[in-house]
Amino acid sequence: ARRAPLAATPRAQQLAQIALAAYLAAAGRRVVDAAADHARSRRQFGRAIAGFQAVSHPLADAVIALDSAATLARVAAWEWDAGAPQAALRAAAARLAASRAAEFAAHAAHQVFGALGVMRDGPVFFASRRILQLAAAPPGASSARATLLASLGL
């Protein structure tokens, strides 16, 4: 029998957001690395497709966003561990940045792989599917946005 409801634990929620941000940044990097490997080996018009700007630039943009998100997750983890007053703000920012970067990375990877990327036995299907699932996981981006906006008085 249930005796009392569990109270919301902000520190646990912050830690969950930080862990999610770190996972999403790493998973996003994995799909980008797989797409880059594919682009280096796939040939079209007599040269590797990695040489085309339409292929390489989105992957480069994804790497920059993912590295930034991973750094933000590390900063958030450090502040959470130190009990810093900005820990909630950093955790929310890390989750938003990593979700956006990982979703962009998954999209860019699918563009590189084409139909191969969306096949169930394709090289990034399960990783990109997991990225999309976790980016939408509760408490969701709206909660993180509310935390950030509240810090600005909005």
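Here are a few things to note about the model shown:
- Which listed residue, of Arg3, Arg30, is more than 21 Å from Pro139 (Cα to Cα) and not in a helix (DSSP H, G or I): Arg3
- Tally, over the stretch 53-64, of residues that are more than 15 Å from Gly114 (Cα to Cα), at pLDDT below 85 and open to solvent by less than 70 Å² (accessible area, probe 1.4 Å): 0
- Among the candidates Arg100, Arg11, Arg40, residue that is surrounded by fewer than 18 Cβ atoms within 10 Å (Cβ to Cβ) and more than 24 Å from Phe126 (Cα to Cα): Arg11
- Arg95 being open to solvent by 40 Å² or more (accessible area, probe 1.4 Å) and in contact (Cβ under 8 Å) with a residue 12 or more places away in the chain: no
- Val32 meets all of the listed conditions (1) modelled with pLDDT of 90 or more; (2) open to solvent by 40 Å² or more (accessible area, probe 1.4 Å) but one, namely (2).
- Residues (assigned to a helix (DSSP H, G or I), open to solvent by 30 Å² or more (accessible area, probe 1.4 Å) and within 19 Å of Leu149 (Cα to Cα)) located in the stretch 65-92: Leu72, Ala88, Leu89, Arg90
- In the stretch 100-109 there is at least one residue matching the filter, namely being more than 12 Å from the chain's Cα centre (by Cα), at pLDDT 80 or above and part of a helix (DSSP H, G or I).
- Elements of type helices (runs of 4 or more DSSP H) in the stretch 112-154, at least 2 residues being surrounded by 13 or more Cβ atoms within 10 Å (Cβ to Cβ) and modelled with pLDDT of 75 or more: 125-135, 140-151
The values are calculated or read from the model by the stated rules, or taken from the named source; none is laboratory data. Bear in mind that the values here come from a model prediction, so they are computed numbers and not experimental data. FYI the Cβ positions are ideal-geometry reconstructions off the backbone, even for glycines, and counts take in every protein chain you see. The area values use the complete protein model at the heavy-atom level, side chains included, leaving out ligands, DNA and RNA. Shrake-Rupley method; radii C 1.70, N 1.55, O 1.52, S 1.80 Å.
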